[in-house]
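In what follows, a structure is listed as C-alpha cells, so that the remarks can point back to it.
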Amino acid sequence: MRTHLIAGGTLGLVLIMTFMALLLSTALSMANTNYIIEIPPISVFNVTNLSSSTSFSYSYTNMTGGVTYLPPAWYYAYNFSATAGSYIDYSVWSTSPITLYILTNQQFMKYFNEGNLSEYLYSITGNNVSGYYHVNRTGTYYVVIANIELKPVLVMYAISLTGKPTLNQWGFPVGIADYGIAIINGTYFAYEYKTNEFIGEASIYNAFTQEPGSCPTGYVEPGNNWFSIQLNTILVVNTVSGYVQYYWLQNVLLFDSLNRTAQVGDNVWNSSLINASLSNNLVSGNGEVSPANTTTGNITAYAYYTEITQQARMPFTIYLITRTGLTSNDYPWIAFGYSYNGRSITWFDNVTIRVKSSSAYMEVSPTSNGGGLMNDAELVIAGPWNSECTMAKSLNTTLALYFAWPYPSDYYLSPVPSMWSFGSDTAEIIFDAHVIPLNYGTINVVRGTEELSFLNTYFIPLAITNSLNESTVINIYTVNSTTTLTEPPIITVVPNESRYVFTNYVVNNSYAISRNTLNLTLEGPTNVYINYTLQYMLTINDLSGLLNDKSGWYNYDSMITLSEPAIYYLGNETRLIFNAYYIYLTGTNLYHAVMNNTVNLLIDSPYTVIVNWTKQYQVSVSSPVPITVSLSGLQNISGYSVVTWVNKSSTLIILVPRYYVLSNGTRLVYLGGNEAITVNSPLSISLSNFVRQYLVTVYSKYPVSINGTYTTNMTGWLYGGEVLMIKPSTVFNDGVFLSEPGLVITVNRPVSITVVWHVNYMLTVIMYAIMIAVIYALTMPIIRRRHSKH
C-alpha cells in the first residue's frame, strides 16, 4: 500500500512540533450550520459504468496495489523481475472467489496468446487470500488474478516483491468508504457526485488500541496507544489553463486511547501524479508544506494539527467537517473544522492553493486520479500516523459520513449513498476491528474479526417487468423516492384484430393495483410486474341479431359459447333457419364450418363468425280447386289451401288444374297458367281467376243446329252466361213434316235439353196439297189425252 503521513501526536514528531508555534497565535473560528438531513433523489448522482478498464491502482518499484473490477472470465496481471531467493507476497480480497496464479514469462505469453491457463507455477482460490511464493529462479514472473465466476467481481489487492515473506499482516483502515460503487441485488452499480462539504461524525464509547511489534509497512511504535479517525476525501481542481488537479484531503482526529487526549489536524497531498509534491509558495494555511517520508519516496505535503482536549469524556462525539470552494481570486480553498454538537463549527485551518481555477469541489467517482488513489470519501479508524498500524484491544465506536447536496448550493445533508467496510487511501491500518452497519451512512465499529465487505446502500432498484415481452428494466432510485408509472390502457397490435389491455401492476408479488397510473414510494428494492392481457377481436355477423352483442374483445384463451335456435322467427311472416357457423380467421380466407347450432369457441386468434341462416317467407296459397305447390321442384304440396315456408329467392310453382268438375254438372275453369314465383317476401295468394262452366246436354231425334253445329246429340260445357242457340228445324219423316221451334237460352246452370219435334200439319197439308195438285196437274192431261183418244 502507498504510505501517507499523518503528522501529529504527542510523540514529538518533527512536523507537528513545527506547527505548534502557529497554534499559539491562531484563534479558533466558529461557524454555524443548519443543514436538513435528507436523502437526495437519484438525479443528484451521475450514473456511470464499470468496465474491464475500471482499475484503481498504484504501482511502485517492486509493489502494486489497488482495486480492480473484473467481468466474468477477465483477469488482472502484474509482472516482476525477481531474483532467486526473493518472495512474491500477495494479499487479495474479492466480492466473490477468484484464483491467483503465478506464472513464468513463457507461461503467461502462452496464456495471453491461447487463452488456456493450464500451465502455471502456483495457484490459490478464495475471496480473501494472503500468502507468498518463493522465487527459485531469476526471471520475469506474472501474478494473475482471474475471475473464475460467472458474475463480475471487485478485487482489492496488494502484491509486492520482498526479501522475506510477510505473514498474516493483510490489514486495512476500517470504517466507511464510498467508492462510487454499490452492489444492488448482486449487480454492480457505479455513480459519481460532487459536493463542497463532507461531514464525518464519530462517537467513541470505548476504545483502547495498541500498536503491535511490527506493521506491514515497516513503520511501527510498539505499545503506542494512539489511533486516528480520518475523514479522507479527494479535491478536484479544474484550472483555468485546462488542467485537472487532484488533492487528497485528510481531516483527522488523533485520539490517545490511554490518556484520552484528542487532537485534530489536516493533511493536503498532491495526488495529481505519482509522488507529486506541493509547493510552499502555492499553499497557505495555518500549517506548512514539509517533507514527508513515504514507502514510495520522499515528497512534500501540507499538514497542521492542534490539540482540542487533554481529557476527553466518554462517550466522546466529534464532527469532522471538510469544506471546499473558490476564493474571490479564483483560488481553491479547503476549510477544515470540527464540532461537538454538529451545529457550531470550529474552523481550525483554512488552506488556499494559489492556482487560478474555474472550479474546485470534492468528488466521489469510480475512477482513479493521477496519484493512483480512488476518488472516494472515507471515514475510517486506523493507526495514528506514519503508515503505522494498531490493534483494537477494546473498541466501541459509531461512525457516520455525510455530504452536502445539491452541488454547488449544498442546501441539504445526506448520508453517503453506499458503504464499504474498508478504506484504501491511507496507509494506516487497524487490526481486530469489526464493522456492523447500523443505517445508511452509519456503522458501529467494535473489536472483532476484521471482515472486508460491502455494507449497504440507499440506492434501491425498481425492477419493472413487462408481460408483453418479459423484459425487465431496472431503474435505480434512492430510498423513499417517489415515482409514478403510467402505462397505456390499450396497446394496439393489429387494429380491430388484436391488442393488449392493461390489467394491473403487481408490486413485490404481494399486492395488485388495477389503475394504469401507479404512484410508488420506494422504501426498498421493489419489483413491479406489469400485467397486460392479450385480447382478440371476435366479430359476429348474425342476421338474426341474437349474437351481435357478443362481438367484441375477448381475453386470449377464453371460451365463448355461441348458441342459436334452430328456427328463429323474425315476425311479419319471416323466419330464419340455422345452417352453420362459418368461423373465419380474421383477415384471411381460412375458415371452418360448424353445423351444430351451439358451439364453444376458444379465443386464440381474431375470428370473424358469420352465422349462416336461410331466410324463409311464409307463403299462403288458397284456391277453390285443389292445387299443387311445388317448392323449387323439391317438394310438392297439394290442397285447396297451402301454407308453407319458402326459402328466400327460391322459385314457387303453383300447379292449377285447367278444369275442376264440381257436382251437379258444374265445373271451374282456371283461366291462368301455372305460376312460377320468385319468393322475396311473404306471400298470400288467392287463386280467383276461375270461371264456372255448366254441363249442357242436348238430345234430338233429328239433327238440329246447336250453336251452328248440326248434331243429334251434344254434351258440352258452356260458360255461365253463354248463350245456347238451337235453331228451329223442320224435318220430313214418315210422310209428315216434323218441326221443332228452336231454343235460345243463357246458360247459368247445368241444362239437359231434349228437342221435341212436332208434326207440322200446315207444311204437311201444303205438301200434300201441292203433291195432289202436281199429281192432278200431271194426270189431267193424260186423262184428257186418253179421253180424247177414246
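The values are calculated or read from the model by the stated rules, or taken from the named source; none is laboratory data. Here the structure is a predicted model, which is why all the values come from computation and not from measurement. Positions of Cβ are generated from backbone atoms using ideal geometry, with glycine treated the same way; all protein chains shown enter the neighbour counts. When the accessible area is computed, the model is the full protein with side chains, heavy atoms only, and any ligands, DNA or RNA have been set aside. Shrake-Rupley method; radii C 1.70, N 1.55, O 1.52, S 1.80 Å.
Here are a few things to note about the model shown:
- Prolate/oblate/rounded label for segment 108-224 (Cα gyration tensor, a/c 1.5): oblate
- In a DSSP loop and with at most 14 other Cβ atoms within 10 Å, the chymotrypsin sites (Phe, Trp or Tyr not before Pro) in segment 150-258 are TYR243.
- Positive end of the dipole of the chain (Cβ unit charges, origin at the Cα centre): among SER123, ILE464, SER55, the Cα lying farthest that way belongs to ILE464.
- Full-extension gain in nm, ASN466 to ASN105, via 0.36 nm per residue minus C-alpha separation: 124.8 nm
- Phi angles of segment 444-458 translate, via the Karplus equation with coefficients 6.51, -1.76, 1.60 and θ = phi - 60°, into HN-Hα couplings of 10, 10, 10, 6, x, 5, 6, 10, 7, 6, 7, 8, 6, 8, 9 Hz per residue; Gly and Pro are given as x.
- Using alpha-carbon coordinates, inclination of helix 14-24 to the longest axis of the chain, degrees: 90
- Of LEU249, ALA182, TYR607, farthest towards positive along the dipole that unit charges on Lys, Arg, Asp, Glu beta carbons give the chain: TYR607
- Positive end of the dipole of the chain (Cβ unit charges, origin at the Cα centre): among ASN267, ASN496, PHE227, the Cα lying farthest that way belongs to ASN496.
- Given their separation in residues at 0.36 nm each and the Cα-Cα distance between them, SER81 and SER43 gain 8.9 nm when the chain is fully extended.
- 24 Å Cα-Cα reach of LYS727 towards lysines, excluding residues that sit fewer than 8 places from it in its own chain: LYS701
- Cα gyration tensor, the chain - rounded (a/c under 1.5), prolate or oblate: prolate
- The charge dipole of the chain, taken about its Cα centre with unit charges on the Cβ of Lys, Arg, Asp and Glu (plus for the first two, minus for the last two), comes to roughly 6400 debye.
- Whole-number accessible area per residue in Å² for the chain, which is evaluated in the context of all protein chains at 1.4 Å: 45
- Given the chain, longest segment not containing exposed loop trypsin sites (Lys or Arg not before Pro) (DSSP; at most 11 other Cβ within 10 Å): 314-790
- Under 27 Å from LYS356, Cα to Cα: lysines that are on another chain or at least 8 residues apart: LYS194
- Relative contact order of segment 82-213, taken over Cα pairs closer than 8 Å and 6 or more residues apart, is 33 percent.
- Shape call, segment 363-429: gyration tensor on alpha carbons, a/c limit 1.5: oblate
- Between the helical axis of 105-114 and the longest alpha-carbon principal axis of the chain there is an angle of about 10 degrees.
- Nearest-ten-degree value, helix 761-789 long axis tilted from longest Cα axis of the chain: 40
- Placing +1 on each Lys and Arg Cβ and -1 on each Asp and Glu Cβ, with no other charges, gives segment 546-625 a dipole about its Cα centre of roughly 220 debye.
- For the chain: relative contact order, % (alpha-carbon pairs under 8 angstrom, 6 or more apart): 10
- Spin-label pair SER684/ASN259, simplified geometry with 7 Å Cα→Cβ offset, distance in nm: 13.0
- Surface composition of the chain: carbon and sulfur make up 51 percent of the accessible area, probe 1.4 Å.
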